[in-house]
Amino acid sequence: MEPTSVQPSTPYRKLPGRLRGIGYGSSVWMAPDHLLLVSSRMFREEYKRFYLRDIQAIVMAQRPRFPISTRSLAIAFAWLFPWVFWILLPAGFGFVWWAVAAVLTGSWLVFSFFFSCTCRLYTAVSNDPLPSLYRTWTARKFLDEVKPWIDDAQGSLDANWAEAVESREAGPAAAAPPTAPAAARPALRSHTTACLVLVVSLLAEAALGLLTLHYVSTASGWIFTCLSLVQISSAILILIERQRRILRAAMQRVAIASLVVQGLVYYVATTTAAFAPSGRFAGPSVFSRVMFPQSVLLREIAAGIYIVLALIGLTIILRPAAARPPDIIEN
Amino acid sequence: MPLLCARCQMPLPRWELASSEGARCTSCWSLNTVRAFPALFRQAAAPARPAVALDGEAACYDHAGKRAVAACNQCGRFVCELCKVEFGGQLWCPSCVAAGSGAARAAHPDASRVLYDSIALALPTLSLICFWPITTLTAPGTLVFTPVKWKQPLSLVRRSRWRFVVAMAIALVELIAWLWLLVYWAQRLRSGH
């Protein structure tokens with residue numbers, strides 16, 4: 001339970017740059033005496049403060065980076081949207097559609113290759129990346145905005161500071177002892193019952209999907225629905241367990257992927273059926289629409305994805321503890 | 001050792017740092033833009049060394065062999081030079097500061113927070129996107145969750161509670177839609193269709 005009393009509020013001002021992905025994000029904020037690095041993962045925000053008097057250096061290095069931000073996903077979705085009305089669009093629209101895709105992809109690749117960077121902030125005891133600064137123009141704007149504030153707090157350096165820097169190392173000393181005992185945190189579990197249920201339901205849905213590709217009865221339709229519900233419930237349970245710091249991050253990714261695939265398959269099947277001529281999938285059961293030819297292809301694809309996800313899940317569950325890398329989010 | 005390249009963490013050569021066009025890393029060949037500050041040349045203060053407690057002298061609560069120099073203003077335990085924490089004009093022991101007792105709670109800066117407003121917004125929207133039938137559970141769930149968590153502290157940097165309001169609105173719309181569907185089905189059943 002978190003305290004309900006809020007500490008004395010600090011006025012924070014947003015600094016240039018923001019990284020926003022699906023389920024994660026990062027930004028840097030300015031307070032009168034410190035910079036606040038905000039890293040968000042799903043429904044939790046983590047904060048790190050860098051006091052202006054302690055900042056030794058901020059270094060930006062140019063390098064190719066290919067972040068998939070929510071903005072680029074929104075643009076991709078906007079590009080994909082006319083596909084829903086494909087039948088209603090004029091014949092020449094296809095060329096324009098693909099040309100727009102080429103321009104968008106090309107510009108994203110150019111920005112990612114030639115105008116991207118990585119930024120790090122050094123103090124005497126830390127050396128932290130600033131993930132929100134991944135484009136060079138944003139990083140320059142950030143540096144121009146922050147430098148006067150740090151100069152105010154520390155004063156400015158001589159012009160020939162580089163001569164003296166050889167004798168000092170920015171960032172934490174190599175032999176510095178760890179600040180907190182790592183063993184104090186309880187070890188996270190690699191899997192729980194919910195993980196097993198998710199993997200089994202994924203495998204069962206894939207197997208049933210492949211076995212009933214060309215014939216769907218009411219009974220198998222209901223089994224599909226039940227398996228989907230089990231899958232969604234176990235995925236939500238995994239997200240909750242991860243949020244409560246019981247589970248490691250790996251299974252959470254499988255759970256998110258299975259939820260996304262479930263949603264996509266459901267809505268694509270519904271959309272395909274809605275645009276099909278009436279009567280083409282009229283059959284003996286309420287699940288006859290999944291027998292529509294495109295739906296059979298969709299079910300094959302979905303079964304393939306479910307098998308891949310289940311195999312990834314099984315690998316995570318069966319992998320010995322020593323072989324697993326440390327959880328970056330947790331540690 | 002000098003400043004490190006932000007990409008490969010290898011040292012940047014001095015002659016490159018002196019260049020006005022940025023420092024080229026000799027290892028990964030990245031062009032580094034460096035903003036250095038006087039803290040880079042500040043020497044860290046040497047840690048205080050607690051004195052050894054002699055026979056008959058009061059010893060630190062946590063370090064039995066070290067001489068006590070003060071008593072914690074909160075719990076009264078003896079603390080050595082290493083353990084004493086100056087806090088609000090008083091001396092505290094590390095346990096009291098760590099426990100966040102009394103005024104220490106207010107001074108303890110948040111390291112993380114749960115975004116309850118985002119959870120509230122995700123409940124009705126994600127369930128609608130992923131699998132709409134479960135909105136029968138998530139919509140009423142949101143209507144209960146939102147008032148319960150309304151007073152919880154939000155993000156340190158954003159203050160508005162608009163996500164809670166939007167979540168309630170979406171949940172209400174979903175609930176009304178379900179009620180309308182139920183009434184519609186009931187009427188159809190009654191009329192014999």
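The values are calculated or read from the model by the stated rules, or taken from the named source; none is laboratory data. The shown structure was predicted, so the numbers you read here are calculated from the model rather than taken from an experiment. All Cβ positions, glycine included, derive from the backbone under ideal geometry; neighbour counts span all protein chains shown. These area figures cover heavy atoms from the full protein model, side chains too; ligands, DNA and RNA do not enter into them. Shrake-Rupley method; radii C 1.70, N 1.55, O 1.52, S 1.80 Å.
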Counting only protein chains, not ligands or nucleic acids, how are A:SER107, A:SER126 ordered by accessible area (probe 1.4 Å), most first? A:SER107, A:SER126
Under-5 Å amide H pairs with A:LEU247, H placed in peptide plane, nonlocal only: A:ARG189, A:ARG242
Long-range Cα-Cα pairs in segment A:20-147 (distance over 18 Å), rounded percent: 63 percent
Residue by residue through segment A:246-262, the couplings from Karplus 6.51 cos²θ - 1.76 cosθ + 1.60 with θ = phi - 60°, in Hz, x for Gly and Pro, are 9, 10, 6, 6, 4, 5, 4, 5, 5, 5, 4, 4, 5, 5, 5, 5, 4
Calculate the mean, over all residues of peptide B:155-164, of how many other protein chain Cβ atoms lie within 10 angstrom of the residue's Cβ. 4
Order the following by accessible area, largest value first: A:PHE81, A:PHE224, A:PHE114. Probe radius 1.4 Å; ligands, DNA and RNA are ignored. A:PHE114, A:PHE81, A:PHE224
From the mean inverse distance of alpha carbon pairs (Kirkwood) and the Cα radius of gyration, derive Rg over Rh for chain B. 1.27
Can you compute the FRET efficiency between B:TRP185 and A:THR270 using 1/(1 + (r/R0)^6), with r the Cβ-Cβ distance and R0 = 25 Å? Round to the nearest 0.05. 0.80
Amide H contacts under 5 Å for B:ALA59, restricted to residues at least 5 apart in sequence or on another chain and with H modeled in the peptide plane, are B:ALA68
Which whole number gives the average, over all residues in B:4-16, of C-beta atoms from other chains lying within 10 Å of the residue C-beta? 5
Hey, what did chain B get for relative contact order, percent, Cα under 8 Å, at least 6 apart? 10 percent
Residue by residue through segment A:101-113, which ³J(HN,Hα) values in whole Hz follow from phi under the Karplus form 6.51 cos²θ - 1.76 cosθ + 1.60 (θ = phi - 60°), with glycine and proline marked x? 4, 5, 5, 5, 5, x, 5, 5, 5, 4, 4, 5, 7
HN-Hα J couplings of segment A:12-22 from phi, Karplus 6.51/-1.76/1.60, θ = phi - 60°, integer Hz, Gly and Pro as x? 9, 10, 6, 9, x, x, 7, 9, 10, x, 7
Eligible lysines near B:LYS66 by straight Cα distance, threshold 17 Å, same-chain separation 8 or greater: B:LYS84
Compute the separation of the alpha-carbon centres of segment A:119-158 and segment A:40-68 and state it in Å as a whole number. 10 Å
What FRET efficiency comes out for A:TRP98 versus A:ILE75 if R0 is 22 angstrom and r is the Cβ-Cβ distance? Round to the nearest 0.05. 0.90
Please compute the average number of Cβ atoms from other chains found within 10 Å of each residue's Cβ in peptide A:145-155. 2
Could you order the peptides B:68-74, A:57-63 from most to least packed, using the average number of other C-beta atoms within 10 Å per residue? A:57-63, B:68-74
